[in-house]
Amino acid sequence: MYYLMDLPKIRSVVSDPSQPDGDRLVLLRVSDKADIPQEAQQFLEKEAKAVVDYKIDLDYDYWTAVLEDCLHVFLPEELREGAPVGFAMTGHIAHVNLNAEYLPYKHIIGQLILDKNKRVKTVVNKLDSIDTKFRFFKMELIAGEPNYVVEHHEADCRFTFDFTEVYWNSRLHTEHERLVQMFKPEEVVADVFAGVGPFAVPAAKKGCAVLGNDLNPNSAKYLAKNVKDNRVTDLVRVSCEDGRDFIRTCVSRVYDDPFPAYTGPKPSRMQEEKERKRLQKLAAEGHPIPPPNAAESTGPRRQRISHFVMNLPDSALTFLDAFRGILVDNERDLSGIYKEMPMVHCHCFTRELDPAKAEQDIRQVRIFVPQTAY
Ligand SMILES: C[S@@+](CC[C@H](N)C(=O)[O-])C[C@H]1O[C@@H](n2cnc3c(N)ncnc32)[C@H](O)[C@@H]1O
């Protein structure tokens with residue numbers, strides 16, 4: 001057994017190609033007859049009809065998903081260790097972050113990723129620079145189609161966006177999930193730096209009313225599309241303003257133009273389709289069609305913001321002073337409905353790992369309004 005050919009996806013017993021209905025060949029792990037160890041030779045002399053040569057082509061296609069193996073063939077020896085075998089996926093785009101020494105091989109690396117992964121249609125190398133204002137990554141195409149509009153799925157929602165124009169980071173999905181879990185379905189959420197909607201859309205899907213804002217017109221455009229595609233247009237209001245202006249005005253906006261009351265979880269597409277068919281059948285049989293569910297008009301309309309989300313870690317802290325005085329709008333005092341203050345989820349960076357030291361470090365950056373959470 002020890003001397004048998006043992007390669008993934010290659011059988012060790014095959015038909016003899018020169019006489020397919022005749023003898024079977026047992027493949028050995030040697031490239032030359034002379035390499036057959038003595039012990040095996042003795043066995044073959046006794047048991048085998050003959051020892052013949054058999055050629056196997058392990059070509060490029062054989063190495064299906066084994067990127068590392070393929071890279072080792074193409075890269076010079078000194079670059080093999082630590083070769084960039086990992087990549088992240090956003091929709092159909094695979095993205096890598098190549099160190100300078102691998103840049104001369106970027107197109108080979110890109111082509112290998114493309115060839116070995118069916119879902120990948122485009123491969124980009126993320127450049128070190130990031131758009132300072134809107135935080136999206138600059139990137140260069142290294143293989144595949146120059147198509148950057150992706151459809152990405154997160155939290156049972158469908159997101160479409162141009163990866164070269166807006167911010168998206170798939171690794172934030174646990175943070176998106178963590179916050180959305182904290183929101184109650186009947187609450188109002190104001191997302192100051194909403195991007196294309198990874199907090200706003202899933203929050204609305206669970207019933208929350210949402211103000212989703214982003215200063216990047218492309219983010220606001222795709223946010224509006226994602227709201228529509230996920231069928232939450234009645235629950236999300238999209239705006240494209242500077243975060244500071246948004247914070248200053250959103251409390252009075254929701255007060256003056258409240259969201260409808262929470263009416264329970266949204267039916268799924270399947271449930272809607274089932275209901276449509278039921279009504280169709282009733283009509284076909286000549287029965288009267290019942291009026292649509294009247295739950296919409298019951299319960300108080302939603303006028304009070306419960307959560308602010310501020311995911312712009314680089315500078316969100318510097319927007320906090322905009323909260324001062326937002327409950328007093330000209331001569332109106334809106335604090336009556338804000339007995340319980342909104343929670344402000346403000347993201348920021350710190351190098352400190354110890355929570356106490358981290359808090360101290362963060363507090364040094366700014367003086368906060370009292371309701372701020374980190
Ligand atoms: C780090 S991204 C977060 C996006 C989204 N919340 C997410 O989790 O993927 C920050 C967003 O803030 C937007 N932004 C940057 N400056 C802004 C400002 N002054 N006012 C409003 N939005 C801003 C950017 O366009 C970007 O979409």
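The values are calculated or read from the model by the stated rules, or taken from the named source; none is laboratory data. In this text the structure is predicted, and so the values were computed from the model without any measurement. Every residue, glycine as well, gets a Cβ built from its backbone with ideal geometry; the counts of neighbours run over all protein chains shown. Calculation scope for accessible area: heavy atoms of the full protein, side chains included, ligands and nucleic acids excluded. Shrake-Rupley method; radii C 1.70, N 1.55, O 1.52, S 1.80 Å.
Within the bounds of segment 260-276, is there any residue that is β-branched (Val, Ile, Thr) and modelled with pLDDT of 85 or more? Yes: one or more hits. The residue that is nearest to the ligand (Cβ to nearest atom), counting only those in segment 222-244 that are part of a helix (DSSP H, G or I) and touching a strand residue (DSSP E or B) at 6+ places or on another chain (Cβ under 9 Å), is Gly243. The lone criterion from (1) more than 27 Å from Pro146 (Cβ to Cβ); (2) at pLDDT 80 or above; (3) small (Gly, Ala, Ser) left unmet by Gly82 is number (2).
If you filter segment 137-155 down to residues that are at pLDDT 95 or above and open to solvent by 80 Å² or more (accessible area, probe 1.4 Å), you find that the one that is nearest to Ser219 (Cα to Cα) is Glu151. Within segment 356-374, the set of residues being open to solvent by less than 100 Å² (accessible area, probe 1.4 Å) and modelled with pLDDT of 50 or more comprises Ala356, Ala358, Glu359, Asp361, Ile362, Val365, Arg366.
If Pro291 meets every condition in (1) over 25 Å from Thr263 (Cα atoms); (2) in a loop (DSSP other than H, G, I, E, B); (3) at pLDDT below 85 apart from one, which number is that one? Evaluating Pro291 over (1) over 25 Å from Thr263 (Cα atoms); (2) in a loop (DSSP other than H, G, I, E, B); (3) at pLDDT below 85 leaves (1) as the failure.
Conditions tested, residue by residue: (1) under 18 Å from Ser306 (Cβ atoms); (2) more than 11 Å from the ligand (Cβ to nearest atom); (3) among the aliphatic types (A, V, I, L, M); (4) open to solvent by 40 Å² or more (accessible area, probe 1.4 Å).
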residue	(1), (2), (3), (4)
Phe163	no, yes, no, no
Ser170	no, no, no, no
Arg178	yes, yes, no, yes
Met182	yes, yes, yes, yes
Glu186	yes, yes, no, yes
Asp191	yes, no, no, no
Phe199	yes, no, no, no
Ala204	yes, yes, yes, no
Gly207	yes, yes, no, no
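Entry remark, segment 311-333: residues being modelled with pLDDT under 90 and assigned to a helix (DSSP H, G or I) number 0 in total.
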